[in-house]
Structure formats: C-alpha cells, structure tokens
Amino acid sequence: MNATIDPGEVEFSAIRAQGPGGQNVNKVSCAVHLRFDVGASSLPEAIKERLLALSDQRITQAGVVVLKAQQSRSLEQNKEDALRRLQELVDSVAVLPTIRRATKPTRGSQRRRLDSKTKSGQTKAMRGKVSE
C-alpha cells in the first residue's frame, strides 16, 4: 500500500533550536515543529488504524503526530527533514506484517533432536567417578 502525505494536511511552526550555536540560535527561529492530525488526514483507514495503534511517543493521545527537526540551520531543510521522517513513519506502518502459520516439526527433525539428547545424556553419564 502506497500512502503519500498531502503537504496541505501538515502544519509547520518555526521555533528556536536547542543546543550550541551562539547568537544565531538565540535570535533565529529555524527549527520546525511538524503537526499531522492522523484522524483528519486523507490516508487510507487501515494505515490510520495501524499508525494510531503504534506505541510511539511522537503520537499524542488525540492522534496528532508531532515531529521536531532542528538539524540544519535552514528552515526549509528542517521542513524537508520533518516531512521525510513523517513519510518514513507512515511507510513503516503501510507494510503489512506477514502472518505466521503454525507448522509441525518433521518426523526426521524430531528424531534427530531426540538422538542428540540421548547422545549428550550418554556423554554426561560417562563423566562419573571412576571406580577401581
């Protein structure tokens, strides 16, 4: 399932970045908070359910994904980084997990397993004290 995010559904807000950077950090708001409301988005319902079922700290109780991007000194690059990370999050949920089907071990594998257990038991039995 290919789910692309409509940029019109994403809300950006510029904030001041944290960490070192001196005067530039103190006066320029180049970090970005991205907010994406999963419930109101145009994503398919199956992807919405799996996205909301994630136990991810970036998803609020109200179903809003909040990402913070502050790697770059450029506002545009931080926006692109946040959008890319949001798309990666949606893509990770879009892939359906494979269903595990229970199978029985073959008769040969069961026999080999029991033979190895018997052999190791015999090896351990030979470790006893030697009586003269």
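Things to note:
- Other-chain or far-sequence residues with amide H under 5 Å of Ala17's (modelled H): Cys30, Ala31
- Counting 0.36 nm for each residue step from Lys117 to Arg100 and taking away their Cα separation leaves a gain of 3.3 nm.
- Rounded FRET efficiency, nearest 0.05, which uses the C-beta distance separating Gln18 from Gln77 and R0 of 22 Å: 0.85
- Rg(Cα) / (2.2 N^0.38 Å) computed for the range 66-132, rounded to two decimals: 2.68
- The chain: most fluctuating residue of Ala62, Ala31, Ala14 per GNM, C-alpha cutoff 10 Å: Ala62
- As a length-normalised measure over Cα pairs under 8 Å and 6 or more apart, the relative contact order of the chain settles at 24 percent.
- Exposed trypsin sites (Lys or Arg not before Pro) absent - longest run of the chain, DSSP non-H/G/I/E/B, at most 14 other C-beta within 10 Å: 17-72
- Taking only protein heavy atoms and a 1.4 Å probe, the accessible area of the chain is 50% carbon and sulfur.
- One entry in (i) 46, 32, 23; (ii) 37, 32, 28; (iii) 90, 42, 24 is Cα extents along the principal axes in Å calculated from the shown coordinates; its label is (iii).
- Computed about the Cα centre, the dipole magnitude for the chain is approximately 1580 debye when only Lys and Arg (+1) and Asp and Glu (-1) carry charge, each at its Cβ.
- Cα gyration tensor shape of the range 1-75, rounded if a/c is under 1.5, else prolate or oblate by comparing a/b with b/c: prolate
- Degrees between helix 75-94 axis and first principal axis of the chain (Cα, 0 to 90, nearest 10): 40 degrees
- Ser109 paired with Val28, simple spin-label distance in nm, labels 7 Å along Cα-to-beta-carbon: 5.9 nm
- 3J(HN,Hα) along the range 97-102: x, 6, 7, 7, 10, 6 Hz, from the Karplus curve 6.51 cos²θ - 1.76 cosθ + 1.60 with θ = phi - 60°, whole Hz, x for Gly and Pro.
- Per-residue HN-Hα couplings for the range 119-132 [Karplus 6.51, -1.76, 1.60; θ = phi - 60°; Hz; x = Gly/Pro]: 4, 5, x, 5, 4, 5, 5, 6, 7, x, 5, 7, 9, 9
- Length released on extending from Ala40 to Thr4, taking residue separation times 0.36 nm less the Cα-Cα span: 11.5 nm
- Whole-Hz couplings from phi, Karplus 6.51/-1.76/1.60, listed for the range 57-70; x for Gly and Pro: 5, 7, 9, 7, 4, 7, x, 10, 8, 10, 10, 10, 10, 8
The values are calculated or read from the model by the stated rules, or taken from the named source; none is laboratory data. Everything numeric in this text was worked out from a predicted model, so none of it was measured. Neighbour counts are summed over all protein chains in view; Cβ atoms, including those assigned to glycine, are modelled from backbone coordinates with ideal geometry. Areas reflect the complete protein model, heavy atoms only, side chains present, ligands, DNA and RNA absent. Shrake-Rupley method; radii C 1.70, N 1.55, O 1.52, S 1.80 Å.
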